[in-house]
Amino acid sequence: MKTIIKGITLLFALIMIGCGGKQEEKKEDGFSVQRKKAATEQPVETNSSTETKASERVDMSTKGVGPIKSVTLAPEIDQAMADNGKAVYEQMCLACHRVGKKFIGPPPNGVLERRTPEWIMNMILNPQEMVQQDPLAKELLQEFNGSPMSNQGLTEEQARAILEYFRTLK
């Protein structure tokens, strides 16, 4: 009985030594995983201090690419239209856009301080052509990780209502 226990112990010891040797070979062959500490990683240099992100840049000179050539905004907000726009926004846009924070797409609040009404409506109605032909839309696509805006098939009336809703956001 003692011989069997000694044999099992010897066999176990040989297996452990054998496995230990193979681990050393794996490390030498490059099979081990070495994780670097965050402190040793070098930060990627960007030129962000001198370059404004597309979502923050003010560009009131372009109307974009699409069917909307001119939009006249009344001095007062049409609350009924804005309420309708909010309902359409919550149904069609909320999956990607959040008021007050970046999500899959840029936040809508303050957009009328950075873009023309025509550009906004063309982006809503014609997102594919906008990201192909409009330089600012191309930059936004890059900034938001290549997530293109979906064409929701909205009417001009719905897009105008969403624009009116955007006027209520601060």
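Only the coordinates and a few stated rules stand behind these numbers; no lab work does. Keep in mind that what you see is a predicted model, and the values were worked out from it rather than measured. All Cβ positions, even for glycine, are placed from backbone atoms using ideal geometry, and neighbour counts span all protein chains on display.
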For this session: Note the full-extension length gain between A95 and S147 as 0.36 nm times their separation in residues minus their Cα-Cα distance, in nm to one decimal.
Result: 17.5 nm
Seminar exercise, completed: Rounded to whole angstroms and listed largest first, the alpha-carbon spread of segment 52-142 along its three principal axes comes to 34, 29, 23
Exercise. Taking amide H positions as placed 1.01 Å from N in the peptide plane, with prolines and chain starts having none, which residues 5 or more places from T116, or on another chain, fall under 5 Å of its amide H?
Worked result: T62
Exercise. Radius of gyration and Dmax for segment 79-118's Cα atoms, expressed in Å?
Worked result: 10.7, 28
Exercise. If contacts are Cα pairs under 8 angstrom and at least 6 residues apart, what is the relative contact order of segment 65-169 in percent?
Worked result: 43 percent
Problem set entry | Cβ-based charge dipole, segment 75-136, positive-most Cα from A80, G100, L125 | G100
Exercise. So between E56 and S70, what do we pick up on full extension, going 0.36 nm a residue minus the alpha carbon distance?
Worked result: 2.7 nm
